[in-house]
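> Here it is, the structure in full.
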Amino acid sequence: MTKSSAPSGAPINVPQLLARNVARFPNKAAYREKEFGIWQSWTWAQAAEEIEAIAMGLLALGLNKGDYVALIGRNRPAFYWSMVAIQKCGAVPVPLYQDAVAEEMAYVLEHCGARFVIVGDQEQVDKVLEVQETVHGIDEVIYLDKRGMRKYDHTHMNALDDVAAEGRAGHYRFEAILKEREAELDYDSTCVMLYTSGTTGKPKGVVLSNRNIIETSKNSADFDHLKADDEVLAYLPMAWVGDFIFSIGQAMWTGFCVNCPESAETMMTDMREIGPSYFFAPPRVFETQLTNVMIRMEDAGALKRNMFKRYMDVARRVGPAILDGKPVSFGDRLAYALGNIFVYGPLKNTLGFSRVRVGYTAGEAIGPEIFDFYRSLGINLKQLYGQTEASVFITQQPDGQVRSDTVGVPSPGVEIKIADNGEVFYRSPGVFVEYYKNADSTADTKDAEGWVATGDAGFFEDGSGHLRIIDRAKDVGKMADGSMFAPKFVENKLKFYPNILEAVVFGNNRDRCVAFINIDLTAVGNWAERNNIAYSSYQELSQHPKVLEMIREHVEEANASVAQDPMLGGCQIHRFLVLHKELDADDGELTRTRKVRRRIIEEKFDDLITALYDNKDSIYTETEVTYEDGRKGKIKATLDLRDAKVQPVARAMAAE
Amino acid sequence: MLDDTESYVTADGRTIGGVVLDLKSITLRFGGVEAIKNISFDIREGEIRAIIGPNGAGKSSMLNVISGFYVPQEGEVWFRGERRPQMKPYEVAQQGIARTFQNIALFEGMSVLDNVMTGRLNKMKTGLWSQALWKGKAEREENENREAVEKIIDFLEIQSIRKTPVGRLPYGLKKRVELARALAAEPTILLLDEPMAGMNVEEKEDMCRFILDVNDEFGTTIALIEHDMGVVMDLSDRVVVMDYGRKIGDGTPDEVRNNQDVIDAYLGVSHD
């Protein structure tokens, strides 16, 4: 693999980028956080001062070169500063998912051998203390929020403020050693270690170097013309590679401002106040927003409802074309301009999208209706395809070539090849160094030439050169009759119905497909309210005959659409059931990034799958659930199993 | 038995001070009905003191005596070592005693923020005119009060409903807003009338945590009425038990739990 090295004089690590930003934009806002109802902001110069104080405080606590420091908490400037401070000290930041239960945290903390842990508040301190009963390498715990912490044993515990204060006090003492540690950082030293949530097995620690992060940030910032006056909202988990690239990599590279919401619940309000110009969200966020908009419009007065309907029709017809700069008639342009004044403008403002110049969605496929809705409003929403191992970017959609069914062209600097079995491989400057303490997995994933297996099956579309992803390569199988089985393809079609939150399709090596469905409580609950259907629990609503009937219609519509595909037409759903509980990461059924863990669900609900294939009409089942605090309970239910009509599969058109 | 002025340290490391509020032989009548019959008990600085009892035992009346809403026919209320003269509720509030109500008493049409701001009324010194013109001192004063209120909003984690009209909130959150308003007055003694009534388990757990945090962070003395025995026993340092207007028990949760009169009152016993 050819290693491009940084041009001489260019920054070769994140602390150097910080220094460059301080020199370039000392008085420009670098971080904002809403606290006590007011947006507090810090300039690059102030942020650098904070970072240095934290770094020196960490040295005072005895942080060594090469140590691992775990960070657990919601997005806050102090965490981002801490990460850079850790890097300055020659140590490695390891952000973790804050909603992980103690057991999951224990594995990661043990595996990376974290000596220091920086957490948000008392709740997480308690989790770490619980973990410390089994994991013994943790020497110091540092917390951000002092509330409720007075009574704890502080022998090896500090508030971050106090750590920084000590760093300031010891400035002259630590100046030299901090400089020395920084000088030792080079382009290939570790920038961050991120644990992948993994749809199978234990999480793996992906080691990313400064080279990975800086090259990727540079390329992707150029691709979308990101500038220093852009604004982002940092609300996605800090343990996720995307947040690291956006809120640290690209922010440091371009010097744009990172805004942190007040709390997870206020995110929508905060977004409206900030009006980010560069925005990233998984499809679920867009789905939820659209569902909320639709529900509120149904409750709105007749005038508003009619205006919304009329102008959304216009937007759907011509919006995407206008956004892509294609020719549109004067009359349509005029209608769209009026719609913008009356509907789209106010709606975008309410959603916080008024200033979005570049928006991305990734992680899962997004429904074409959802995608088109946002694009038709004039929001430049695009798709990208990425992985932690690639420092996010593998492919992305250039402006003007945006479609809902592809993931775009290779990102700058990325090479892609498709293996004979359809699996996608890539090679790029962003390719990870290794899986920490796991040479076997590293060798399995990355070959000697630097090609990385994505585990996804896909193909390049003729003509456009866009990549299309079908499914996880290991999930793609064969039906009993030899036709191709790609569960995700069908599940995505189902999930595009607002009433369906999640779907899991089974059928590998079987003669026909069956499915589990999760209803979306917001959408179905609202529907129930409007139709005077009373229910007392999620479980009761999920088994209501009218709900089942509605889901059956959705399944049959999805079948009709699946039948159009000559290759995958065999994956139509013959029978289905609506699950009595929402699939949950706490129960291990989803990953922390909310991807379905097929194997686990298959094992856990084996009785339900068997019943579906045995043509039973109903089945009694008991399921273990884990509550947020880690306690376990059981829910019992009798589920109705339903049949769905299937369509004849369309024949492939023979080329003439 | 402790002396009135002695302080002690609890098992979880909080310091409980001397008696701050002493109720001596209180009797309260409504016409011919005796709601409270000759009850005496005290509240110590920094403690969480629970008043429990079956329905109609006179618990809320007792709280209303403390808050100055009812004037007892007999008996004395001593506050910080001095006998308290007959007072209007607002005068009691000025002494640093704030309360929440059993049936939520918030301004439904106003936002959460405005409701909590009303709790600062005692702290506002500028007059009607300067507040209406909102210049100079009044503006400064509002900013200071807003800051104090925002800290409470942050403390009780109700940032996301800051601008929401109270009428649109679910019950559990309204209770929390009421607590926020009481806290806004920066009370030294906080009276909570059934803070957890009608809540589900999760809301109760949240509320318990907030009550403990308030006591711990601000050192606020808390007197609360509660039905949920589990909550009371976990939360409070000392418990007063009332039945038919009489005091039938007083002591630590363990003492009260083993008191035969209390068991009878709760489980029922034939009255012949």
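> Which of the following residues is away from chain B (no Cβ under 14 Å) and hydrophobic (A, V, I, L, M, F, W, C): A:M267, A:M271, A:M238?
Working: A:M267 fails: away from chain B (no Cβ under 14 Å); A:M271 fails: away from chain B (no Cβ under 14 Å).
After ruling out the rest, the residue left standing is A:M238.
> With A:N421, A:N349 as the choices, which residue is among the polar types (S, T, N, Q), over 23 Å from the mean Cα position of the chain (by Cα) and not in a loop (DSSP other than H, G, I, E, B)?
After applying the criteria, what remains is A:N349.
> Keeping to the stretch A:460-501, report how many residues are in a loop (DSSP other than H, G, I, E, B) and out of contact with any Cys (no Cβ under 7 Å at 6 or more places or on another chain).
Number satisfying all stated conditions: 19.
> Given the conditions (1) in contact (Cβ under 8 Å) with a residue 24 or more places away in the chain; (2) out of contact with any strand residue (DSSP E or B) (no Cβ under 6 Å at 6 or more places or on another chain); (3) farther than 16 Å from A:P93 by Cβ; (4) surrounded by fewer than 22 Cβ atoms within 10 Å (Cβ to Cβ), and given that A:G201 satisfies all but one, which numbered condition is not satisfied?
Unmet condition: (1).
> Would you say A:I86 is hydrophobic (A, V, I, L, M, F, W, C) and either open to solvent by less than 40 Å² (accessible area, probe 1.4 Å) or away from chain B (no Cβ under 14 Å) (or both)?
Yes: the conditions hold for A:I86.
> Do we find a residue being within 27 Å of A:A558 (Cα to Cα) and without any contact (Cβ under 8 Å) to a residue 40 or more places away in the chain anywhere in the stretch A:400-419? Give the derivation first.
Looking only at the stretch A:400-419, we keep the residues that are within 27 Å of A:A558 (Cα to Cα), and these are A:401-408.
With without any contact (Cβ under 8 Å) to a residue 40 or more places away in the chain added as a condition, the list becomes A:404.
Checked against the condition, which is being within 27 Å of A:A558 (Cα to Cα) and without any contact (Cβ under 8 Å) to a residue 40 or more places away in the chain, the stretch A:400-419 yields at least one hit.
> Taking strands (runs of 3 or more DSSP E) that fall entirely within the stretch A:25-91, which contain at least 2 residues that are touching a residue at least 40 places away in the same chain (Cβ under 8 Å) and of a type outside the set (F, W, Y)?
Because the criterion is at least 2 residues that are touching a residue at least 40 places away in the same chain (Cβ under 8 Å) and of a type outside the set (F, W, Y), the strands (runs of 3 or more DSSP E) in the stretch A:25-91 that meet it are A:29-35, A:68-72.
> Within the stretch A:377-407, which residues are over 16 Å from A:H225 (Cβ atoms) and in a loop (DSSP other than H, G, I, E, B)? Even if it seems obvious, please write down each step before you answer.
First, pick out the residues of the stretch A:377-407 that are over 16 Å from A:H225 (Cβ atoms): A:377-379, A:381, A:383, A:385-392, A:394-395, A:403-407.
If the condition is that a residue be over 16 Å from A:H225 (Cβ atoms) and in a loop (DSSP other than H, G, I, E, B), then A:L377, A:G378, A:I379, A:S391, A:R403, A:S404, A:D405, A:T406, A:V407 are the ones that fit.
> Scanning for something in contact (Cβ under 8 Å) with a residue 60 or more places away in the chain and among the β-branched types (V, I, T), does the stretch B:137-152 turn up at least one residue?
No: zero hits.
> Here's something else I'd like to know. Would you kindly identify the strands (runs of 3 or more DSSP E) lying entirely within the stretch B:183-260 that contain at least 2 residues that are more than 14 Å from chain A (Cβ to nearest Cβ), open to solvent by 50 Å² or more (accessible area, probe 1.4 Å) and on the phi < 0 side of the Ramachandran plot?
The qualifying strands (runs of 3 or more DSSP E) are B:246-251.
> Please work out which residue is modelled with the lowest pLDDT, limiting yourself to the stretch A:7-24 and to residues that are assigned to a loop (DSSP other than H, G, I, E, B) and out of contact with any Leu (no Cβ under 8 Å at 6 or more places or on another chain). I'd like the intermediate steps shown before the answer.
Taking the stretch A:7-24 as the starting set, the residues that turn out to be assigned to a loop (DSSP other than H, G, I, E, B) are A:7-13.
Filter once more, keeping what is out of contact with any Leu (no Cβ under 8 Å at 6 or more places or on another chain): A:7-10.
Details: A:P7: 64, A:S8: 69, A:G9: 75, A:A10: 87.
Within the stretch A:7-24, the match that is modelled with the lowest pLDDT is A:P7.
> Within the stretch A:355-367, is even one residue out of contact with any Phe, Trp or Tyr (no Cβ under 9 Å at 6 or more places or on another chain), more than 30 Å from A:T442 (Cβ to Cβ), among the hydrophobic types (A, V, I, L, M, F, W, C) and not in a strand (DSSP E or B)?
no
> With the checklist (1) under 23 Å from A:R211 (Cα atoms); (2) open to solvent by 40 Å² or more (accessible area, probe 1.4 Å); (3) assigned by TED's automatic domain parsing to the domain that holds A:C112 in hand, flag the one item A:G9 doesn't pass.
In the conditions (1) under 23 Å from A:R211 (Cα atoms); (2) open to solvent by 40 Å² or more (accessible area, probe 1.4 Å); (3) assigned by TED's automatic domain parsing to the domain that holds A:C112, A:G9 misses (3) alone.
> Test B:M117 against the stated conditions and say whether it is touching a residue at least 60 places away in the same chain (Cβ under 8 Å), part of a helix (DSSP H, G or I), farther than 28 Å from B:I248 by Cβ and not basic (K, R).
yes
> I've got another one for you. Looking at the stretch A:105-139, which of its residues are touching a residue at least 60 places away in the same chain (Cβ under 8 Å) and surrounded by 19 or more Cβ atoms within 10 Å (Cβ to Cβ)?
A:V108, A:H111, A:C112
> In the stretch A:457-494, how many residues are acidic (D, E), without any contact (Cβ under 8 Å) to a residue 60 or more places away in the chain and within 24 Å of A:P282 (Cβ to Cβ)?
Total satisfying the criteria: 2.
> Can you find even one residue in the stretch A:296-303 that is outside any loop (DSSP other than H, G, I, E, B), open to solvent by less than 40 Å² (accessible area, probe 1.4 Å) and touching a residue at least 40 places away in the same chain (Cβ under 8 Å)?
The answer is no, given that none of the residues of the stretch A:296-303 is outside any loop (DSSP other than H, G, I, E, B), open to solvent by less than 40 Å² (accessible area, probe 1.4 Å) and touching a residue at least 40 places away in the same chain (Cβ under 8 Å).
> Mind listing whichever residues of the stretch A:23-52 are away from every other protein chain (no Cβ under 13 Å) and among the aromatic types (F, W, Y)? Full working, then the answer.
From the stretch A:23-52, those away from every other protein chain (no Cβ under 13 Å) are A:23-32, A:41-52; that's our starting set.
Matches in the stretch A:23-52: A:F25, A:Y31, A:W42, A:W44.
> Which fully enclosed helices (runs of 4 or more DSSP H) of the stretch A:543-622 have 3 or more residues being under 18 Å from A:Y497 (Cα atoms) and at pLDDT 90 or above? Quick ask: steps written out before the conclusion?
Numbers: elements: A:545-563, A:598-604, A:606-613.
Once the helices (runs of 4 or more DSSP H) in the stretch A:543-622 are filtered for at least 3 residues that are under 18 Å from A:Y497 (Cα atoms) and at pLDDT 90 or above, what remains is A:545-563.
> Please verify whether A:F308 is assigned to a helix (DSSP H, G or I), open to solvent by less than 10 Å² (accessible area, probe 1.4 Å) and of a type outside the set (A, V, I, L, M), treating the condition exactly as stated.
Numbers: assigned to a helix (DSSP H, G or I): yes; open to solvent by less than 10 Å² (accessible area, probe 1.4 Å): no; of a type outside the set (A, V, I, L, M): yes.
Taking the combined requirement at face value, the residue does not satisfy it.
> Hey, another quick one. With respect to A:G57, determine if the residue is open to solvent by less than 10 Å² (accessible area, probe 1.4 Å) and more than 14 Å from chain B (Cβ to nearest Cβ).
Details: open to solvent by less than 10 Å² (accessible area, probe 1.4 Å): yes; more than 14 Å from chain B (Cβ to nearest Cβ): yes.
When the stated conditions are applied, A:G57 passes them.
> Which of the residues spanning the stretch B:124-171 are within 21 Å of B:C208 (Cβ to Cβ), away from chain A (no Cβ under 12 Å) and not in a helix (DSSP H, G or I)?
Residues satisfying the conditions are B:L169, B:P170.
The values are calculated or read from the model by the stated rules, or taken from the named source; none is laboratory data. It should be emphasised that the depicted structure is a prediction, and the values quoted were computed from it without experimental measurement. Glycine also receives a Cβ, built like all others from the backbone with ideal geometry; neighbour counts cover every protein chain displayed. When the accessible area is computed, the model is the full protein with side chains, heavy atoms only, and any ligands, DNA or RNA have been set aside. Shrake-Rupley method; radii C 1.70, N 1.55, O 1.52, S 1.80 Å.
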